[in-house]
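Worksheet for the structure shown next.
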Amino acid sequence: MEQEKADEVLARLNDEYPEADTTLEYETAYELLVATVLSAQCTDERVNSVTPELFEEFPTPEAMAEAPRDRVKELIRPTGYYNSKADYLVNGAQTLVEEFDGEAPRNVEDLRRVEGVGRKTANVVVSNAFGTHEGVAVDTHVQRLSQRLGLVETEKRDEIEDVLREDVPREDWGLVSHLLIAHGRAVCTARSPDCAGCVLEDICPSSRV
């Protein structure tokens, strides 16, 4: 991945999506943590449809740690994989209470000690809730676009993150994820990318135009 190309991609997408940000709705770091866990294999829109009632019943890690799992499953069922996700939420909340005084940790290393939290989720929380950047959150959109644009030569998410961290300024680590996700949803979709309407068409090796 060349530095100049990375800069050009970032600049063009920033002009195209000046308001790019997470579309998950939350008020606290803990709420963002829960929402991000629920977003696995699920749209943000669907997550946002279930979290208001979930947070009303279980607004804190202390409340979630004692939540009946069947009730949690019922509330989050629309997000899919609700059995596993309910376990992650309850067990993770217990870890927060027991090891972190009921607060979402402010760094990736500690967040990854919470059940159900991988590096992508930890990066999302640290970047969006705390405004610090320890890495780049690589989801399916970031993975797909990084490959299509020729920014990386690997399919492995951890290796993609390493490349992006090297070639994107640290202050933009959170932004690059938001921009690639926004573009992946609006234009460079998985099945039918709109190459003709893409602001990156002339520098994209995967262009169909």
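The values are calculated or read from the model by the stated rules, or taken from the named source; none is laboratory data. Computed from a predicted model, the values in this text were never measured in an experiment. Glycine gets a Cβ as well: all are built from the backbone with ideal geometry, and neighbour counts include every protein chain shown. Heads up: the accessible areas ignore ligands, DNA and RNA and are worked out on the full protein's heavy atoms, side chains in. Shrake-Rupley method; radii C 1.70, N 1.55, O 1.52, S 1.80 Å.
Being open to solvent by 20 Å² or more (accessible area, probe 1.4 Å), outside any loop (DSSP other than H, G, I, E, B) and either within 22 Å of Ser177 (Cβ to Cβ) or at pLDDT 95 or above (or both) is true for just one of Glu25, Glu98, Glu19. Which residue is that? Matching residue, one of Glu25, Glu98, Glu19: Glu98.
To keep it simple, each residue is scored yes or no on (1) touching a Phe, Trp or Tyr at 6+ places or on another chain (Cβ under 9 Å); (2) closer than 20 Å to Asn128 by Cα.
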site	(1), (2)
Glu45	no, yes
Met64	yes, no
Arg69	no, no
Asn91	no, no
Glu98	no, no
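Of all residues in the range 79-133, those that are β-branched (Val, Ile, Thr) and within 20 Å of Arg69 (Cβ to Cβ) total 6. When the range 155-164 is filtered for residues that are surrounded by fewer than 16 Cβ atoms within 10 Å (Cβ to Cβ), in a helix (DSSP H, G or I) and touching a residue at least 12 places away in the same chain (Cβ under 8 Å), only Asp158 remains. Quick check on the range 131-154: of everything there that is among the aliphatic types (A, V, I, L, M) and in a helix (DSSP H, G or I), which residue is nearest to the chain's Cα centre (by Cα)? Here the answer is Val142.
Can you confirm whether Arg46 is among the basic types (Lys, Arg), open to solvent by 20 Å² or more (accessible area, probe 1.4 Å), in a helix (DSSP H, G or I) and within 29 Å of Val199 (Cβ to Cβ)? Yes, satisfied.
For the range 165-209, the set of residues classified as within 14 Å of Glu16 (Cβ to Cβ), open to solvent by less than 80 Å² (accessible area, probe 1.4 Å), under 22 Å from the mean Cα position of the chain (by Cα) and not hydrophobic (A, V, I, L, M, F, W, C) consists of His178, His183, Gly184, listed by residue number.
Applying the criterion of being in contact with an Asp or Glu (Cβ under 6 Å, 6 or more places away or on another chain) and without any contact (Cβ under 8 Å) to a residue 40 or more places away in the chain to the residues of the range 121-154, the residue that is nearest to Arg208 (Cα to Cα) is Val138. The condition of being at pLDDT 95 or above, assigned to a helix (DSSP H, G or I), under 18 Å from the mean Cα position of the chain (by Cα) and of a type in the set (A, V, I, L, M) holds for only one of Ala122, Ala104, Ala63, Ala86, that being Ala122.
Scanning the range 137-159 for residues that are farther than 17 Å from Cys204 by Cα and of a type in the set (A, V, I, L, M) yields Ala137, Val138.
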